[in-house]
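Visitor: Here it is: the structure, laid out below.
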Amino acid sequence: MSSWTDPEKWMQYLSREGCPVCNQTAETRPPTERTIADLSVSRLVADRNTCLKGHCCLVLKPHVIELYELSQDEAIAFMRDAKVASLALEKVTGAIKLNYEIHGNTIPHMHMHLWPRQIGDRFESSPIDWRTNTPNTYEDGEFEDFIEAMRKASREFERGAAAGG
């Protein structure tokens, strides 16, 4: 459900002071979420409870709602972070295709979902329905292995991006 259907809540979320992303703490962070990388202007995270293995989210550090609110340099840096994240995700998952989604209908804070697509995945002939999250997407130890592999690949590609690659 979109948060804008509750105007009071939506107005609260629009400000940095009321944004659940900006105000997330170790105590309020979902226990199933892990940080993969702290990139130049964003943070790459993944949650164990997802509808598709490998799903990650690139969350902008400053409180920005729309892309047009970014300065030219911030927009370039965000796309550079997205490139690092997508290169790492493709390397780790062997995805045949990556899907990118920016909505902000639930929480108005700039973030990009990255979905690695595989032949035969459960959404092969339809859009990804994130509402079908399941606690059993990953086998025991598989999520932790994914996070570690993503951390390693992200560092590798971040060094390349910093060097102009």
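No lab work stands behind these numbers, since they all come straight from the coordinates. What you are looking at is a predicted structure, and each value in this text was computed from that prediction instead of being measured. Please note: Cβ atoms are built from the backbone with ideal geometry, for glycine as well, and neighbour counts cover all protein chains shown.
Visitor: I'm a student and want to see the number: the projected area of the Cα convex hull of the stretch 84-165, averaged over all directions, in nm².
Guide: Dividing the Cα hull surface by four gives the mean projection, 6.7 nm².
Visitor: Amide H of residue 37: which non-local residues (sequence gap of 5 or more, or other chain) have their own amide H closer than 5 Å, using H built in the peptide plane?
Guide: Hits under the 5 Å cutoff: 44.
Visitor: Order these by the 10 Å Cβ neighbour count, fewest first: 101, 17.
Guide: Placing the least packed residue first, the sequence is 17, 101.
Visitor: Among 152, 53, 97, which one shows the biggest mean-square fluctuation in a GNM of the chain, springs joining Cα atoms closer than 10 Å?
Guide: Residue with maximal mean-square fluctuation among 152, 53, 97: 97.
Visitor: Using only DSSP helix segments of four residues or longer, with each worth -39500 (n - 2.57), what per-residue ellipticity at 222 nm results for the chain after dividing by its residue count and rounding to 500?
Guide: When only DSSP H runs of four or more count, the value is -10500 deg cm²/dmol.
Visitor: Let me know the number of lysine pairs in the stretch 3-162 closer than 21 Å at the Cα, not counting same-chain pairs under 8 apart.
Guide: 10
Visitor: Strictly greater than 26 Å: what percent of every Cα pair in the chain meets that?
Guide: Of the Cα pairs, 29 percent sit more than 26 Å apart.
Visitor: What's the center-to-center distance, using Cα atoms, between the stretch 40-55 and the stretch 83-139 in Å?
Guide: What the calculation gives is 8 Å, centre to centre.
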